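Taking it in order: structure first as structure tokens, then the write-up.
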Amino acid sequence: MPAPSIKNVIGQRFIKLLKVDSTNNYAMQQLQNGSAQHGDAYFALEQTAGKGQFNRQWFSPKGENIILSIVLDTGTFSLEQQFILNMIAALSAQQLFNKYSAEKSKVKWPNDIYWRDRKAAGILIENTIRGTKWQYAVIGFGININQTAFQSQLKNPVSLKQVTGTQYDVIKLAHELCTILNGGIKQLHAQKESFILQKYNAELYKLDEVIQLKKGSGFISGRVKGVDRHGKLIIESNGEHYFETGAIEWLHTD
């Protein structure tokens, strides 16, 4: 893979796919066979086995949403910066959504985008690590744009069209997302980690509100105080408690 650049390379090679199982799977395959370059963006009109966090599936009607995976050469970053990249990706998706929505969305830890109490987008980052070297990342974005009918088992989905009443050009918006993400990666190269963390916490869903969490067979009630640079959620409940991604389940009361 060519050496990474902080120039506006993300999305310069924008590959439109008619149908794939998963854009993340496809991007990984291109990396493995040497066909991928840093900044490549793989956009699918339809995917048959989309992936979400914690092995959940993500479904999208043909051509209605942003289904996009982006390849990044992360060789110049450290393993400790993985969640910083997660924050950049989440803030990029949020910024795109908020560009068109008068009522702003928030970032739900670790990397979903919520409008009010409804999910508008999710992000899945898959990394390749060898030893102590973070070789590359594939960032998968699933953003609800024009979809208005959702599967019944989904509790709280929402799309940009439902929020605004407007139909959008999903490919145009996917290109805009690439540009926004490129700006975030430049901030990471410029070592603006504190700024990124501050921005992420400022945009955090339910910040300073009391939420209900499930941990194993037990339940926790506490106030959201923020997230640390390693991605741990900070909950105030008779002192501060730090939770890793995947260690707790966020319970919705709506």
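Looking at 159, 194 in this structure, which one is farther than 17 Å from residue 94 by Cα and polar (S, T, N, Q)?
Sole residue among the options that is farther than 17 Å from residue 94 by Cα and polar (S, T, N, Q): 194.
Which members of the stretch 158-179 meet the condition of being surrounded by 16 or more Cβ atoms within 10 Å (Cβ to Cβ) and either within 17 Å of residue 105 (Cβ to Cβ) or among the aliphatic types (A, V, I, L, M) (or both)?
Result: 158, 159, 160, 161, 162, 163, 168, 170, 173, 174, 176, 177.
Where in the stretch 135-240 are there helices (runs of 4 or more DSSP H), lying fully within it, with 3 or more residues that are assigned by TED's automatic domain parsing to the domain that holds residue 110 and of a type in the set (Val, Ile, Thr)?
170-189
How many residues does the stretch 153-189 hold that are over 21 Å from residue 69 (Cβ atoms) and of a type in the set (A, V, I, L, M, F, W, C)?
Counting residues in the stretch 153-189 that are over 21 Å from residue 69 (Cβ atoms) and of a type in the set (A, V, I, L, M, F, W, C) gives 3.
With respect to the numbered conditions (1) touching a residue at least 60 places away in the same chain (Cβ under 8 Å); (2) over 30 Å from residue 75 (Cβ atoms), which one is the sole condition not fulfilled by residue 178?
All conditions pass for residue 178, except number (2).
Given the structure, is residue 40 acidic (Asp, Glu), modelled with pLDDT of 95 or more and at negative phi?
yes
The values are calculated or read from the model by the stated rules, or taken from the named source; none is laboratory data. Please read all numbers here as calculations on a predicted model, not as lab measurements. Don't worry about glycine lacking a Cβ; one is built from the backbone with ideal geometry, like all the others, and counts go over all protein chains shown.
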